[in-house]
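Below is one structure, written out as structure tokens, with a few remarks after it.
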Amino acid sequence: MKRYKPTMYKKDIFSINYKKLKKDGIKCLVFDLDNTLALIDEKECPQRTKELIRNLQKDFIIFIISNNCSRRIEPYKRSLGVDAVSFAMKPLTRGLRRIRKKYHLLKKEMVMIGDQIVTDIISGRNFNIKTILVDPLGQKDMRITNINRKIESWIINRYSKRGIFKRGNYYE
């Protein structure tokens, strides 16, 4: 059951200690898009997120990975100047394998950052890399995500009863 627990849990992408990640040997930050970098109905990347990503590009390879179509990801890819994988089929590891191969990375040099346990965290855990769960930016989700949220809620309730994980109790 602990296989669903993220390596770290933070409020949002702005709360992550990126200096510590760099010190720990991380070279590639793999971000989920919807409700991690931006709200699902935002057509353009928020300015605050752009500034963060531009600063992070000095020290890291930045990648967007999403189960969404390329049409959804393309504006973010262009405005941020990053690479991306669409139709990643998370929790499968296909997208993460492509990133690792393209940039000749070791798994210990990658971290998956996202707002969903069922897709982002399980994908990272299945690929055997560090994972960082962040709270969703908004309440609105795609229909398929609503199903994932119900599964996630069940996992979190079980973890909470065992004292393993609780929403709002952030950790590194």
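Of the residues Ile121, Ile113, Ile151, only one is open to solvent by less than 80 Å² (accessible area, probe 1.4 Å), of a type in the set (A, V, I, L, M, F, W, C) and assigned to a strand (DSSP E or B); which?
On inspection, the qualifying residue turns out to be Ile113.
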Filter region 1-39 for residues that are in a helix (DSSP H, G or I), of a type in the set (Lys, Arg) and surrounded by fewer than 13 Cβ atoms within 10 Å (Cβ to Cβ) and give the result. Lys2, Arg3, Lys19, Lys20, Lys23
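Please verify whether region 130-148 includes one or more residues that are under 20 Å from Leu29 (Cα atoms), open to solvent by 70 Å² or more (accessible area, probe 1.4 Å) and of a type outside the set (Val, Ile, Thr).
Checked against the condition, which is being under 20 Å from Leu29 (Cα atoms), open to solvent by 70 Å² or more (accessible area, probe 1.4 Å) and of a type outside the set (Val, Ile, Thr), region 130-148 yields at least one hit.
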Anything in region 40-73 that is in a loop (DSSP other than H, G, I, E, B), open to solvent by 40 Å² or more (accessible area, probe 1.4 Å) and modelled with pLDDT of 95 or more? List them, or say none. Gln57, Lys58, Asp59
Output the residues belonging to region 108-129 that are in contact with a helix residue (DSSP H, G or I) (Cβ under 7 Å, 6 or more places away or on another chain) and among the basic types (Lys, Arg). Arg125
So which residues in region 87-105 are touching a Ser or Thr at 6+ places or on another chain (Cβ under 8 Å), of a type outside the set (Phe, Trp, Tyr) and either assigned to a strand (DSSP E or B) or open to solvent by 30 Å² or more (accessible area, probe 1.4 Å) (or both)? Pro91, Leu92
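The values are calculated or read from the model by the stated rules, or taken from the named source; none is laboratory data. Every value quoted in this text rests on a predicted model; they were computed, and no experiment measured them. Virtual Cβ from ideal backbone geometry, glycine too; neighbours counted across all protein chains shown. Surface accessibility is based on the protein's heavy atoms, side chains included, excluding ligands, DNA and RNA. Shrake-Rupley method; radii C 1.70, N 1.55, O 1.52, S 1.80 Å.
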